[in-house]
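Where a number appears in this text, it was derived from the coordinates with a stated rule and is not lab data. No experiment lies behind these values; they were computed from the predicted model shown. Positions of Cβ are backbone-derived with ideal geometry, glycine not excepted, and every protein chain shown enters the neighbour counts.
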Amino acid sequence: MSRIEVLSAGPSVTLQDAGRAGMAAFGLSAGGAMDPLALAEARALLGAAFDGCAIEMGQMGGRFRADADLVIALTGAAMKVTLEGAALSWGQSHPWPAGAVLDIGAATGGAYGYLSVAGTWDVPLRLGAKGTHFQAGIGAPLGAGDVLTVVAAKAEAGLGLPSRDAPPEVIRVIPSVQSHWFGDQGRDWLEGTVFTKTAKASRMGAALAFGGQGVQSDHGLSVTSEIVSLGDIQITGDGTPYVLMREAQTTGGYPRIATVISADLPAFAQMPSGAQVRFRFVTVPEALAARAAQNDWAKGLRAKVRPVVRRLETMHDLLSYSLVSGVVSATDPEGWE
Amino acid sequence: MMTLDPVIYPLGEDGLLVEFAPKLSMQANAAAIACRDDLAALGLEGVVEVGSTLKSAFVRFDPFVLSHDVVEGALRDVLAARDWGAVEAPVARRWRLPSCFDGDFGPQLAEFAGLAGRSPADLVAELAETPLRVLALGFAPGMPYLGELPAHWDVPRQTALTPRVPAGAITAAIRQIVLFAVPSGTGWRQIGQAAWRGFDPDGSGPNLTAGDVLRFDPVGADAFAAHMAAGGGLIPEGAL
């Protein structure tokens, strides 16, 4: 059993996996990783050594030290990261020697980064999963002094993934159970407005800001609570749209104007605060086609993993490496080939 | 006996919802729970979950195993098989919870009793004699909305928020009880406190679900403390 010590951690650092589907009858949302594609990437890099669970880091990472030689994968939103002071590249697997301090800082390209370890987390299954569901009292955010244990497994370090496709410029939505309460006017407003993702975003949901007039449902605010779907966009009392995310409550009384399709939810989750968001309606068959294509992408990812080759001419972002320390690790990534 | 006109809606990209009435009624709620059980009994391969809310039943499925059309057909068959305005809510399980209404355990009991036109003692006795249906879960995991109480319990929510009620708070309004699973602010008046620790995230004990029947069993502070010390779980009705 290897020990991973948390030396420090940002405010939203939790263990996450695929979550707990099928528990809404008990009032429990599924939870799980905000960017499940990042877990698929970790599985591609670590192969069978990945147990499906990773450390999810919202906006800020943390500092970690292990007491054994491990192999890690860094996926999801890129974050500033060094190993004993030497910069590492995101989107790759790396050796993590015993005693070396892995220092993961702020996200540089998104919102949620993932640290995966080759091996099996020694975390009890609770209601069928290992991940934290803070709203349900399952686990808690990681903080300084916490120690995680893992049964390490062999995996190849120095592997890289191809870049993800650029995120969709317009987030696709389908009608919700209550979309018709907003009429054509509501649909036009949602498709014609440029929203801004605000800093009021968490694993539970994200508030959007916009200019101009908002919309209200013709049912007003005294609505009997109804079941929610992941990705529902509810219009709260002051007209603010709020997208319900993985750890949202299971029922809600605010009317919902649309539902973000599952294939676009990871991209929406990864938008940093301040990002502009636009929506457009698609049909349920279109949403399912996008979901199927994404499933195929995830399945084909392992075959696209390649050893990383060091090539100076492809080091576009040379300045981002910690050259000041005079150390560039041999495992540093420098490009994709 | 009333007429219900169920309406089917798509629920996200992998679900269907059947709403029995636009607003909560005891009959719509009974129909929702009964429909949930009928859907579960179909045993359709590819169904991820079935459940019910205050006035609706829902089914979620793997859309690559089951199509919307197939599930909607099955749902229409279920709906055609019963007179939903006359069904009784199936009782899933019966529970009791030791509860205290004395002093600080029920800070707004006297106020609520005044609004209901009863003495606090009569109100507590009436609550203890009324098995309440879990109408739905909501707000937080495992947190039930319970009903329905006699007409004089039809007291509106207070306009001001109580900043914080504890987990286990028994709060009343509009002929219903909300039993808090987590500490929270609320507009419902706290009339007592159940010796209950809320949602059990380990699943080692039972968790409440719609259709369960729950009765509050008035006890003194000592018995309250003893049940909390023993874990604060739901007690099957009839067990000691």
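Remarks
- Mean Cβ count within 10 Å, highest first, over the residues of peptides B:190-202, A:139-151: B:190-202, A:139-151
- Residues A:244, A:28, A:301 in ascending order of nearby Cβ atoms (within 10 Å, fewest first): A:301, A:244, A:28.
- Cα centroid separation, the range B:152-193 to the range B:76-139 (Å): 13 Å
- Lysines whose Cα lies under 20 Å from that of residue B:55, excluding same-chain neighbours fewer than 8 positions away: B:23
- Förster radius 30 Å - calculated FRET efficiency between residue A:63 and residue A:309 (Cβ-Cβ, nearest 0.05): 0.55
- Remark: the range B:7-80 projects, on average over all directions, an area of 4.3 nm² (convex hull of Cα atoms).
- Pairwise alpha-carbon distances in chain B exceed 32 Å for 26% of all pairs.
- For B:51-59, mean number of other protein chain Cβ atoms within 10 Å: 5
- In terms of overall dimensions, the range A:62-141 has a Cα radius of gyration and Dmax of 13.9, 40 angstrom.
- Charge dipole (chain A, unit charges on Cβ, about Cα centre) - positive-most of A:60, A:123, A:76: A:123
- Helix A:36-46 vs. chain A, principal-axis angle (Cα, 0 to 90°, nearest 10): 20 degrees
- Computed from label points 7 Å out along Cα-Cβ, the spacing between residue B:110 and residue B:62 is 6.0 nm.
- Here, the range B:112-194 is characterised by an Rg to Rh ratio of 0.93, where Rg is the alpha-carbon radius of gyration and Rh the Kirkwood radius.
- Modelled spin-label separation between residue B:70 and residue B:239, with each label point placed 7 Å from Cα along the Cα-to-Cβ direction: 3.9 nm.
- Stokes-Einstein diffusion coefficient of the protein assembly as shown, Kirkwood radius over Cα pairs, 25 °C, 0.890 mPa s, in µm²/s: 95 µm²/s
- Debye-sum result for the range B:1-137 in log10 I(q)/I(0), which assumes one identical scatterer on each alpha carbon, at q = 0.14, 0.22 Å⁻¹: -0.72, -1.24
- Shielding score for A:246-253, defined as the mean number of other chain Cβ atoms within 10 Å: 4
- For residue B:159, net neighbour charge (Lys/Arg +1, Asp/Glu -1) across residues whose Cβ lies under 14 Å away: +1
- Over all orientations, chain A has a Cα convex hull whose mean projected area works out to 17.4 square nanometres.
- For the range A:139-297, the alpha-carbon radius of gyration amounts to 1.21 times the rule-of-thumb value 2.2 N^0.38 Å expected for a compact globular protein.
- Within chain A: Cβ-based charge dipole about Cα centre, in debye rounded to nearest 20 (Lys, Arg +1; Asp, Glu -1): 280 debye
- In a reduced charge model with +1 at each Lys and Arg Cβ and -1 at each Asp and Glu Cβ, the range A:25-70 shows a dipole moment near 80 debye about its Cα centre.
- Charge dipole of the range B:83-240 about the Cα centre (unit charges at C-beta), most positive-ward option of B:182, B:125, B:196: B:182
- Computed Rg/Rh of the range B:84-143, alpha carbon atoms with Kirkwood Rh: 1.05
- Ellipticity estimate at 222 nm from DSSP helix runs (n ≥ 4, -39,500 (n - 2.57)) divided over chain A, nearest 500: -4000 deg cm²/dmol
- Computed on the range B:94-236, the Cα convex hull volume stands at 95 Å³ per residue.
- Each of B:16, B:34, B:78 was scored by the projection of its Cα onto the charge dipole of the range B:7-80, and the greatest displacement toward the positive side belongs to B:34; charges sit on the C-beta of Lys, Arg, Asp and Glu.
- Summary of the geometry: the range A:34-101 and the range B:25-44, compared by the centres of their Cα atoms, lie 46 Å apart.
- Peptides B:230-237, A:61-68 ordered by average Cβ neighbours within 10 Å, highest first: A:61-68, B:230-237
- Surrounding net charge for residue B:206, when Lys and Arg each add one and Asp and Glu each subtract one, Cβ distance under 9 Å: -1
- Sorted by Cβ density within 10 Å, fewest first, the residues B:139, A:134: A:134, B:139
- Residue-wise HN-Hα coupling along the range B:123-138, computed from phi with Karplus coefficients 6.51, -1.76, 1.60 (Hz; x: Gly, Pro): 5, 5, 4, 5, 4, 5, 8, 10, x, 10, 7, 6, 6, 5, 9, x
- Here the simple spin-label model places points 7 Å from the Cα toward Cβ, and for residue B:128 and residue B:229 these points are separated by 2.2 nm.
- Computed [θ] at 222 nm, helices only, for chain B once each DSSP H run of length n ≥ 4 contributes -39500 (n - 2.57): -7500 deg cm²/dmol
- Residue exposure sequence - A:69, B:38 - by fewest surrounding Cβ within 10 Å: A:69, B:38
- For the range A:1-43, the fraction of alpha-carbon pairs in successive 10 Å shells from zero, as %: 22, 36, 34, 8
- What you get for the range A:171-298, charging only the Cβ of Lys and Arg (+1) and of Asp and Glu (-1), is a dipole of about 340 debye around the Cα centre.
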